[in-house]
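Participant: Here's a structure for you.
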Amino acid sequence: MSGNTVAPPHTLSCTYSRAARELGLKRNQFDLAVHLGRIRTVPDEGGGGRRVTRTEIDRLRAAHGFPEALARSVEAVGTTEAAAVMQVPPSRFTRLARLGLVAPVTFYLNRYRAVVWLYLTDELRQFAADEGNASLLTGRTPEAMRDRLAAGLDLRARNWRGRHLGFLLRQAEGPWQRAGALAALLDPLQVAEIARDPYERSHLNRFRPGPPTHSAPGSPAAHLVERIMTAADPDEIAWLRSDLAHTLAEARAHHPAPRPTAKSVPPRTAAEPGRTARTERPRSGLLGWLRRSGSA
């Protein structure tokens, strides 16, 4: 065998399922690690999604404390467990989360279609260990914070969107993909106001990622996930629109959206001079038979 033989791409990388097994992670832990950028992935040259290189797997396996440290870094818990980690009542933890002081890393819908937010255990421990946060963990919540909570403040979905956008942008391979990531968090009407050209908007939608959870289209669960995915606060919408307009300009300069080409129309058959071209229609067989019968 020649010494400079190049191995096929798939022998140098593996699927998500194979990578998760080799790294000692459950599939949901693996997906979260990819989402957080802890595991780097590459596009599949065959168009089959994304893969993990052997080099990346070797890097992670050689890290100190593997595999326990890797699994611990993506441990995510719900409100009750999160409150226990921070040693506060669940009601206080919920207030801290609504104020945006701790940010969810992912979510799911339970069987009652209620949103269950999950938080990284490592981040919770770091927050609780910070002496600057001690007053937030005990005693009375500051009045300004209580007023904001009373007014309905809840930053959990917004903070999750920020993290999710970071994940989408890390996966993007060009300006159109980056524009699609930004558009994924905006209402389609907002996107249409920025991408006014219908061909450009159609091309942009090709790169617009879907929601992170799979629900039947049009179902109540799908509508709920769509609301979580869509920016709601005016300032959040404003900066997403601004970034989308800027990124869309970059995408146009890099590669304009494709447009349909004019198709050639086949020429009509020319009529002989002095005569009008017409199409002869075959006489109905039944009508011909009736006429012959009547003249018999």
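Participant: Go through 236-249, 171-184 and give me the packing order, highest mean Cβ count within 10 Å leading.
Facilitator: 171-184, 236-249
Participant: Over segment 46-132, with the other protein chains present, what is the accessible area per residue in square angstrom, probe 1.4 angstrom?
Facilitator: 54
Participant: Another question, if that's okay. Nearest 20 debye, what's the magnitude of the dipole of segment 103-210 about its Cα centre given +1 on Lys and Arg Cβ and -1 on Asp and Glu Cβ?
Facilitator: Magnitude of the dipole: close to 360 debye.
Participant: Around Ala232, what is the net charge, scoring Lys/Arg as +1 and Asp/Glu as -1 over all other residues with Cβ under 11 Å from its Cβ?
Facilitator: Values: positive: Arg158, Arg161, Arg227; negative: Asp154, Asp187, Asp233, Asp235, Glu236.
Around Ala232, the charge tally is -2.
Participant: Of all the accessible heavy-atom surface of segment 166-252, with the other protein chains kept in place and a 1.4 Å probe, what percent is carbon and sulfur? If you can, show how the numbers build up before the last one.
Facilitator: Working: 2520 of 4520 Å².
Of the solvent-accessible surface of segment 166-252, carbon and sulfur hold 56 percent.
Participant: With a sphere of radius 11 Å drawn around the Cβ of Ser73, what net charge do the other residues whose Cβ falls strictly inside it have (Lys, Arg +1; Asp, Glu -1)?
Facilitator: -2
Participant: Using the Cβ atoms and a cut-off under 14 Å, what net charge is assigned to the surroundings of Ser219, where Lys and Arg are +1 and Asp and Glu are -1?
Facilitator: +2
The values are calculated or read from the model by the stated rules, or taken from the named source; none is laboratory data. Just so it is clear, the model here is predicted, and its values are computed rather than measured. Glycine also receives a Cβ, built like all others from the backbone with ideal geometry; neighbour counts cover every protein chain displayed. When the accessible area is computed, the model is the full protein with side chains, heavy atoms only, and any ligands, DNA or RNA have been set aside. Shrake-Rupley method; radii C 1.70, N 1.55, O 1.52, S 1.80 Å.
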